[in-house]
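The values are calculated or read from the model by the stated rules, or taken from the named source; none is laboratory data. Just so it is clear, the model here is predicted, and its values are computed rather than measured. Cβ atoms come from the backbone with ideal geometry, glycine included; neighbour counts cover every protein chain shown.
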């Protein structure tokens, strides 16, 4: 598509550090290249605000190539914007039309407190991983990597879960602010691999327990998480999480 | 300044084992008494923090991002090398060592590179044990692919996101230790000074990026694993928060900075567009396994690619380097792309691009096979360029991607400052003047999992460190100085934004200190950088308050350091009057326009020592001694 230049009206959530409430402010984004990314559009708006003496809009970002999981905003009601399988940094302005009004808000969930403007605190995800989202292995004692064959298909399935970037869009999109897709992806990744089996039961119980205590809701099969996931992680991972959790509760001694 | 590499004597193959045996050890009960600060949670920092905690040390780990899982190691795409010889193509530890030292154009330390090659196999084993899902063959064993500068397939990969999977493996290990209490994690922190007491690194001063508070942290040793300084060029493939500030603070506190002019320009990046562009995106080197690079034979040929017949295309890498073809090392591929474009044979709107064409591979293997190997990369390209690379050849151009230079370290990974260590991309140690693909991940994990946890014991066991806490005068002085700097920055209230000045710096760096460098250009560059630095301190505009979540201020103090560091980079390039690897001095090239080394005068590491504000830094040289390999003109023909 040919590069064009468009003008937009932004309705942006502004919230000061340490305050519980914020409000929507209106800004103009002028002369934006359709080849720019959404975050580059915000850079341009921020430079403009700075020159006017207005504090720029705070937002999280880092790699800007869709892999670090740091960026994330709700754009026109969609986590990471409406385009499927895309992080916000990979959403390009060619998806917008000249004259559009665009609403930009933070990811909202009980477990994700707003820090400032569009920045939220997602450390609850870290707590869930700390509870069991790993395989215990000391550096030095591992057997040869080819000692444990894993079928091609199993490896691919594990990788499908392992691709999660921990951005939190699934939580923001879910009406219950559930973290089941995030947890399901990690449980699947590790439970599918033979080296992850010894701790599978303990892991499922600990991660789910922590997920609940962090204030995330439960899954009611709305599938909004799957629709908003920038890595297209499927809800079959939630089914696998449920199976692992159930069998851990019923069969295992790892309570 | 004394540069003692501490490389052990004796045959290359046994150096590391003997050295480990000779290292003084800290017994398990005593490890609990030691605190270690680790800055950074990438492959090097995260693995070092997790492993040291597992051994019993108390670790404080810091990162810029909101969680340790987002360090920029995550963006590495193609893979990680090891000499497993799983494909049975005759690979060996010596072969991996040889390729790496040759790939670095003989400007790295033999002993360090050999240790790296030795550790590589253990890295793969450990990663698999921790759940990294490397690609498998149908039989269930591991698959490998090829990378530049090697004639064997030794690269392990997880689709096009190997760095992500390795980092999440490290993050898992780190998270376990955080949960167990062995690691205290401090996210959203910038390390802005290193605190020295009695000549030893004993702590750091950092800024809490949420509240803006300045914090003091003390320890028995400090480890920097803060990645590279690529963003001095503004446009690079590095993450937006990548910076040189912690290493620059270390430099000012006595840690020499080595070979800053060794920068890597990656041949296959998505091309530059518009002045609003914030960063560049890499297309993995692994694509050169199947993609063919070409330009039209005729200058100014602006037909679309499918209209240019086979006999009017120049597959210049295959033509000039028949034995390595499209898989020549990065510096060679980049320079050749530049040459083709300089001759007017570049493609696309700007003429600053070459084709990376998958037509033949898709015809040979089918689209599904190509999708399985590179699907996420093709999707990324499509999103950015709005063009389907399954149908139209990719348009790519070289871009700053990695830096081989970094803080000088000895064989223990300790800097010239006692008790201050430096790992991974932040140090200078293993890649010489050019890094081979799939070697950065290897180095990060080697340093963090398998080197530092041993060598730091050797340091701690032989020191008699007094108790130091954060009320020590050295912490107070450091904090006062830092606050003065931040206040100064907040009160300039000039007319230019931080990004605007950073873009200008990046322009000078690329123009005078990019893919080709010469004496006159470097001298001019140094003057322009210096003038820009003065303008910055008079005319930058940092809004808001320093005691707040203030991203403009963060960018501001990082840029202030880059404006000093950029000059050192150019000075190093000016002083090194030879070409080697990624450092190409136009005055020093062969008849075929290849980099021409000058081993007689430049077979050394250039380690720059801080001489005080406004003073010319002091150049110290560590001679490179080669006992095992013979120095030759690198040839990939």
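Structural remarks
- Selection from region B:493-508 of residues that are surrounded by fewer than 17 Cβ atoms within 10 Å (Cβ to Cβ), facing chain A (nearest Cβ under 10 Å) and touching a helix residue (DSSP H, G or I) at 6+ places or on another chain (Cβ under 6 Å): B:495
- Breaking point among (1) over 26 Å from residue B:401 (Cβ atoms); (2) in a helix (DSSP H, G or I), for residue B:522: (1)
- Only a single criterion out of (1) modelled with pLDDT of 95 or more; (2) assigned to a loop (DSSP other than H, G, I, E, B); (3) under 28 Å from residue B:498 (Cβ atoms); (4) at the interface with another protein chain (Cβ under 10 Å from one of its Cβ atoms) is not satisfied by residue A:135, namely (3).
- Filter result for residue B:134 (assigned to a loop (DSSP other than H, G, I, E, B), closer than 22 Å to residue B:47 by Cα and touching a strand residue (DSSP E or B) at 6+ places or on another chain (Cβ under 6 Å)): yes
- Check on residue B:179, surrounded by fewer than 23 Cβ atoms within 10 Å (Cβ to Cβ), within 11 Å of chain A (Cβ to nearest Cβ) and assigned to a helix (DSSP H, G or I): yes
- Segments classed as helices (runs of 4 or more DSSP H), wholly inside region A:174-255, with at least 3 members that are more than 20 Å from residue A:162 (Cα to Cα): A:200-213, A:236-251
- If you go through region A:1-40 and keep only what is assigned to a strand (DSSP E or B) and buried (at least 19 other Cβ atoms within 10 Å of the Cβ), you end up with A:6, A:8, A:10, A:12, A:13, A:27, A:29, A:32, A:33, A:37.
Residue-wise test of (1) touching a strand residue (DSSP E or B) at 6+ places or on another chain (Cβ under 7 Å); (2) in contact (Cβ under 8 Å) with a residue 60 or more places away in the chain.
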{"site": "B:487", "(1), (2)": "no, no"}
{"site": "B:493", "(1), (2)": "no, no"}
{"site": "B:496", "(1), (2)": "yes, no"}
{"site": "B:502", "(1), (2)": "no, yes"}
{"site": "B:509", "(1), (2)": "no, yes"}
{"site": "B:531", "(1), (2)": "no, no"}
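- Verdict on residue B:141 being within 7 Å of another protein chain (Cβ to nearest Cβ) and at pLDDT 95 or above: yes
- Members of region B:159-174 that are within 29 Å of residue B:55 (Cα to Cα), in contact (Cβ under 8 Å) with a residue 40 or more places away in the chain and within 9 Å of chain A (Cβ to nearest Cβ): B:163, B:164, B:168, B:169, B:171, B:172, B:173, B:174
Listed here are the residues, each with its yes/no results for (1) at pLDDT 95 or above; (2) surrounded by 18 or more Cβ atoms within 10 Å (Cβ to Cβ); (3) farther than 15 Å from residue B:433 by Cα.
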{"position": "B:573", "(1), (2), (3)": "yes, yes, no"}
{"position": "B:578", "(1), (2), (3)": "yes, yes, no"}
{"position": "B:583", "(1), (2), (3)": "yes, yes, no"}
{"position": "B:590", "(1), (2), (3)": "no, no, yes"}
{"position": "B:612", "(1), (2), (3)": "yes, no, yes"}
{"position": "B:620", "(1), (2), (3)": "yes, yes, yes"}
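- Of the residues B:61, B:81, B:30, the single one that is over 23 Å from the mean Cα position of the chain (by Cα) and either surrounded by fewer than 20 Cβ atoms within 10 Å (Cβ to Cβ) or within 14 Å of another protein chain (Cβ to nearest Cβ) (or both) is B:30.
- Residue in region A:70-89 that is over 15 Å from the mean Cα position of the chain (by Cα), crowded, with 21+ Cβ neighbours inside 10 Å and closer than 26 Å to residue B:380 by Cα present: no
- Checked against the criterion of being without any contact (Cβ under 8 Å) to a residue 40 or more places away in the chain and more than 12 Å from every other protein chain (Cβ to nearest Cβ), the candidates A:65, A:82 yield just one match: A:82.
- Among (1) over 16 Å from residue A:112 (Cβ atoms); (2) more than 7 Å from every other protein chain (Cβ to nearest Cβ); (3) in a loop (DSSP other than H, G, I, E, B), the one test that residue A:89 misses: (3)
- For residue B:196, the criteria (1) buried (at least 24 other Cβ atoms within 10 Å of the Cβ); (2) over 23 Å from residue B:50 (Cα atoms) hold in every case but one, which is (1).
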